């Protein structure tokens with residue numbers, strides 16, 4: 001029998017903005033490697049460094065040391081400006097988070113020094129409706145090299161894949177230790193870098209009313225000591241953007257998630273910070289009511305990062321998981337939490353999806369309502385069904401195995417062997433899980449009355465900006481199941 005011809009999941013104009021060629025691309029896991037890479041990318045940029053993000057903290061060190069005396073990011077940028085004053089350093093971050101940082105004297109002092117430096121421009125982004133945020137994490141160098149993913153250049157992000165229990169380098173600027181942190185981003189070069197530069201320029205103009213100056217020469221080359229995961233592949237860019245002023249709403253990210261869920265044949269592996277989108281959950285449940293359904297495996301944090309996040313997201317996650325469990329094959333949906341060797345939960349901030357080892361998606365979007373329709377987001381996807389990408393499945397498979405191997409503290413070859421024997425990611429995980437660094441089932445705690453009220457009415461995680469002002473009871477996480485499946489899902 002001839003091999004089945006794959007149809008692309010990504011479709012320009014439906015679930016992505018543009019599909020552009022990447023001369024080279026590489027998945028970067030955890031911020032220790034990314035920050036070290038970022039230092040070199042900024043050092044080597046010829047004309048412009050463009051940093052766009054939800055958070056940006058000049059106090060952190062890109063390469064922390066045991067002595068705690070490593071150079072801060074703020075001072076590093078000042079040195080770059082002094083060494084090459086004709087190179088622009090443009091920084092755009094979300095306004096609300098930025099305003100909170102101005103309670104720090106160190107940050108205020110650094111920003112004032114930046115203001116006195118001609119080549120550095122630091123701006124706050126408030127170009128979004130009330131209640132929304134700018135959540136993209138994009139960095140562009142000379143309009144050619146670009147980073148897109150989940151890692152903020154911020155406090156409490158640096159960590160290594162080992163996620164040691166007591167890593168002396170994993171400390172905040174005030175010297176206080178923080179929890180192990182897992183994250184993922186992607187470095188891309190070529191026309192795709194130019195497309196992400198266009199996205200950044202448009203966002204800069206909308207937020208600042210200023211135009212970024214055109215570059216005079218070709219962009220920076222791929223780092224010589226960095227081996228790409230992919231070469232000469234086509235990459236799709238998907239976005240979320242709320243309607244604001246003269247710009248229309250964009251829900252490409254949500255549509256791509258739905259299309260991926262519907263196209264999955266064997267498994268859809270997620271790493272994500274939140275799971276509170278009723279629409280996404282209902283689509284998963286629909287697939288799990290079919291005969292011979294795929295597996296849906298999620299690697300997530302045990303709890304939200306902070307009281308507000310726990311109230312907004314954790315209760316909704318419990319409710320959605322219980323609704324999915326009512327599906328005919330609800331056992332094919334599993335959520336796991338990574339733990340350190342000493343048993344501490346590792347916080348998962350990554351936003352990754354791997355579908356059938358033929359599609360890899362990395363970005364800033366969570367599986368919550370905010371990322372589907374409120375906050376500005378950006379994801380990139382490599383789909384093997386695009387003609388240029390026909391040879392990518394083995395590499396996508398290897399990257400997925402590397403992620404699981406990191407969590408389970410085994411070799412990627414062991415992941416590959418067991419999946420070949422069982423054909424089930426859940427069986428692989430449960431065979432290899434145990435003591436030490438591992439993945440454990442998420443323990444679903446019963447939400448309290450306040451958590452359930454907030455989740456059931458999407459009070460802190462609305463589906464659109466105007467829903468913030470609607471009365472409770474007009475929507476809710478279970479409404480998507482009622483629309484698809486009727487009253488049997490409302491018991």
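So what's the projected area for segment 149-268, the Cα convex hull averaged over all directions, in nm²? It is 12.5 nm². A Förster distance of 51 Å, applied to the separation of the beta-carbon atoms of residue 96 and residue 226, puts the FRET efficiency at 0.90. If you fit an axis through the alpha-carbon atoms of helix 278-288 and take the longest principal axis of the Cα set of the chain, what angle between them do you get, 0 to 90°, nearest 10? Once rounded, the angle reads 40 degrees. Sorting 364, 24 from the fewest to the most surrounding beta carbons within 10 angstrom yields 24, 364. Counted by neighbouring Cβ atoms within 10 Å, the residues 6, 196, 444, 404 run from fewest to most as 444, 6, 404, 196. Restricting attention to the chain, close to 65% of DSSP beta bridges with both partner residues there are antiparallel.
Rounded to the nearest 10 degrees, the inclination of helix 252-263 to the longest alpha-carbon principal axis of the chain is 40 degrees. Could you tell me whether the chain comes out rounded, prolate or oblate from its Cα gyration tensor? Rule is a ≥ b ≥ c as square roots of the eigenvalues, rounded for a/c under 1.5, then prolate if a/b exceeds b/c, otherwise oblate. Rounded, since a/c falls under 1.5. Take the Cα of residue 178, go 7 Å toward its beta carbon, and the backbone nitrogen atoms of segment 282-311 under 13 Å from that spot belong to 305-306.
Neighbour counting of Cβ atoms within 10 Å sorts the residues 319, 262, 372, fewest neighbours leading, into 262, 319, 372. Considering only beta bridges that DSSP places wholly inside segment 282-374, some 55 percent are antiparallel. Under the classification rounded if a/c is under 1.5, otherwise prolate if a/b is larger than b/c and oblate if not, where does segment 18-231 fall, given a ≥ b ≥ c as square roots of the Cα gyration tensor eigenvalues? Rounded, because the longest to shortest axis ratio a/c is under 1.5. Inter-label distance, residue 82 to residue 390: 5.5 nm, where each label sits 7 Å from its Cα along the C-beta direction. Distance between the pseudo-spin-label points of residue 4 and residue 411 (7 Å out from Cα toward the beta carbon): 3.2 nm. Treating r as the C-beta distance of residue 210 and residue 166 and R0 as 41 Å, the FRET efficiency rounds to 0.35.
Helical content of the chain, expressed as a calculated mean residue ellipticity at 222 nm, amounts to -9000 deg cm²/dmol (DSSP H runs of 4 or more residues, -39,500 (n - 2.57) each, divided by residue number, nearest 500). Just check segment 172-230 against the gyration tensor rule for me: Cα atoms, a ≥ b ≥ c as the square roots of the eigenvalues, rounded for a/c under 1.5, and otherwise prolate or oblate depending on whether a/b exceeds b/c. Oblate, because a/c is 1.5 or more while a/b does not exceed b/c. Among beta bridges from DSSP that stay inside segment 1-115, the antiparallel ones total about 10%. Each of the peptides 182-193, 166-177 was scored by the mean count of other Cβ atoms within 10 Å over its residues; in descending order, highest first, they stand as 182-193, 166-177.
Read-outs: derived from the displayed coordinates by stated rules, not from any lab. Predicted model only: the values in this text are computed from it and were never measured. In this analysis, Cβ positions are derived from the backbone assuming ideal geometry, glycine residues included, and neighbour counts consider all displayed protein chains.
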